[in-house]
Structures are given as structure tokens and as C-alpha cells.
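First the structure, in the form of C-alpha cells, and then the observations on it.
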Amino acid sequence: VKKVWLDCDPGHDDALAIILAGYDRRLKLIGVSTVAGNQTVEKVTLNALGVLTAAGLRDIPVAQGQAKPLIRAPQICPAIHGDSGLEFHDGGSMQDYAVGSPVLEKAVLYMHSCISSHAEHERVTLVCTGALTNAALLVTLFPEVLDSIEIVLMGGCMGTGNTGSVAEFNIQSDPEAAKIVFECGVPLTMVPLEVTHRALATPGVLQRLTARPTPFLQLMHKLLLFFAQTYRDVFSFEHPPLHDPLAVFYVACPEAFKVKRMRVDIETCSTLSAGQTVCDIWGQSALAPNATVALEADISTFWEAMISALLKADMV
Ligand code: BDR
Ligand code: CA
């Protein structure tokens, strides 16, 4: 069983990443931290508490992280995730479910002590599904964690971006933080848009949720319907891609992925392409590879794991 810390900005797909991390039998979720991204850090923290409460995971500690990128102005994403950051199709919001509060310590400090106490025999996997601001501070302030963690992140792209022509939102939100993380020397896996854009919540998937009309599964259904509508409006996607749970799934089931080691550099200077993950697929860089990049995933195995986690959460 792999120990996982999830750093996220819920966010519709982050919500499902939390549930997968909380219920996949191959994983043990030891904590959740939040970072500004899809919405302000206060809103995404309430959303994280709401997801954990609704999914019966209230004993998982939540630590509130950074409110702003290291250098740049915050960039939020209401067009996709709504004003609260996690809205439902019928006008409700995940914040209505939030019970409890985050721990008093700032996320980076709490993550450091929690991860250090869990990493005695093997590395803890830090899964990042938002901007890399907290992760960059963690490895900068506490370089000793480099021996205690590996990082698996949803972010970046080899070609076309989503919030930039060649940049993906999580990396584009804080390129300087991403540069620190990609260059820190920790074992790192990137699950890019090319993979996550294949994990679509199709009507077939939704049907498997509506087959059991419990309050929790209805909530998940309403969440996915909102996400489907915004993805239709903004990107003309027929069905919404569930980016973030793919990074969690990689930790649970790496054998379901085709990957390649390569050099990935983060563009921080350009005004045109800041946040681009420059992927040296053919090994032309003089620099050593620093990332394992997911190229493909077995999407039907992913959905089996995701739906099984949702059904388990529903039984709690
Ligand atoms: C990423 O951006 C966010 O809106 C999603 O939660 C995901 O982490 C996809 O680019
Ligand atoms: Ca996210």
C-alpha cells in the first residue's frame, strides 16, 4: 500500500482525485493540502472539506496552502469550475457540505512534519493536481524531503495546451514553482493533457452512477453534469475530461500506463508561452532526463478503479 499526500485545488476533477486516493485499496491517503488555482485558496479549502465530509473521509487532515503563485498574479478558473470552485448542475455547491476546519499550521509546514513521520521506510508519494506553489516551497524550505518523497503530478502537455496555446493550467498558473519542482531532483512523473483528455466522463459512465440513486451518487452526478456543461461551453468537448484522478491512478496502478523518461523544461521567460512544459521526446537536450512522462493510459481500467472508489464512498 502506497502512502499518498494529495495537494490540490478542488475543482471538480480534484474532487474525484480525493475520492480515488481515499478509497483505492492500493493507496493510503495521509493528508490533503490546498493551493490557489481553480478558485481562491479559501474556497478550494472549503471544497476539500466538503468532499471529504460528503465522501466519509473526515478523518483525513486538511492543510490550507498558498494563496498566490510565487511571483505572478493569481489566475482562477470560474468558467470551468464556477464561482465557488465546485458547483453542481442544480445551483448547489460542495461548500454546503463542509464540516470541520483545516489544521492551524500552514500547509507547507504541516506537510513537512506529516510526510517526514510517514516516510521512515519508503517514500511518500506527493500527488499534485493544482499549481506547484506548495510543492516548490516544500522542496526549497526542507531540501531533506527530497529523500522522502516522489512526486506525481497532473499537469503540462507535450503539444496543445488548454489555458494557453501550448500551456496547461496548473503549470501556467505558477511556472516559476513548476521550474523549481522539475529541477529539484526528486523522482517525478508528469501526467499531461494528452493522457487526461482521453478519460472522458461519457454518458455510459454517468449511467453507472445514476443506477444507484443514493444522495452521495446523485451529488457526484450533479457535479459531473456541471463540469460537462462548462467543458461544452468553453472547449466544445462532447464529454468532460477527468484530469486529476489520472495522477492518483498512476500511483495505484503504474502498469496501466505507457511512459517515457525525458527532459522536461518549464518556460518562464516568454510572454507567449510561459508555463509550457518543453518535452524533449527525442532526447536532443544536453541535459539529463528529469521526468517520467505518461504517454498513454488504459482508460477502461481507470474507470473501473474510479467507479469502484465512488461506490465504496457511497457505502460509508
Ligand atoms: C487542470 O486544471 C484544473 O482546472 C483541473 O482541476 C486540472 O487540475 C487541468 O488543466
Ligand atoms: Ca486541479
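The values are calculated or read from the model by the stated rules, or taken from the named source; none is laboratory data. This structure is a prediction, so every number in the text was calculated from the model and none was measured. Every residue, glycine as well, gets a Cβ built from its backbone with ideal geometry; the counts of neighbours run over all protein chains shown.
Starting from segment 264-284, keep only residues that are in a strand (DSSP E or B), then list their pairs with residues that are among the aromatic types (Phe, Trp, Tyr) whose Cβ atoms are within a distance under 9 Å, requiring at least 6 positions of separation or different chains.
Going by the 9 Å Cβ cut-off, the qualifying pairs are 264/182; 265/182; 266/182; 277/182.
Looking at 234, 251, 195 in this structure, which one is in contact (Cβ under 8 Å) with a residue 12 or more places away in the chain, more than 15 Å from ligand 1 (Cβ to nearest atom) and either within 30 Å of residue 147 (Cβ to Cβ) or in a helix (DSSP H, G or I) (or both)?
Checking each option against the conditions leaves just 251.
Looking at (1) in contact with a Cys (Cβ under 9 Å, 6 or more places away or on another chain); (2) crowded, with 19+ Cβ neighbours inside 10 Å, which one does residue 265 not meet, given that it meets all the others?
(2)
For segment 1-31, how many residues are within 15 Å of ligand 2 (Cβ to nearest atom) and assigned to a loop (DSSP other than H, G, I, E, B)?
Residues meeting the conditions: 3.
Report whether or not residue 108 is under 30 Å from residue 270 (Cβ atoms), among the β-branched types (Val, Ile, Thr), touching a residue at least 24 places away in the same chain (Cβ under 8 Å) and surrounded by 19 or more Cβ atoms within 10 Å (Cβ to Cβ).
Yes: the conditions hold for residue 108.
Residue check: is residue 44 assigned to a strand (DSSP E or B) and touching a residue at least 24 places away in the same chain (Cβ under 8 Å)?
No.
Considering (1) under 19 Å from the mean Cα position of the chain (by Cα); (2) crowded, with 18+ Cβ neighbours inside 10 Å, say which one residue 53 fails and leave the rest.
The failed condition is (2).
May I ask you to say which residue of 62, 41 is under 29 Å from residue 235 (Cα atoms), of a type in the set (A, V, I, L, M, F, W, C) and at pLDDT 95 or above?
One residue alone meets the criteria, 41.
What is the one condition in (1) surrounded by fewer than 20 Cβ atoms within 10 Å (Cβ to Cβ); (2) under 19 Å from the mean Cα position of the chain (by Cα); (3) on the phi > 0 side of the Ramachandran plot that residue 275 does not satisfy?
Status for residue 275: all satisfied but (1).
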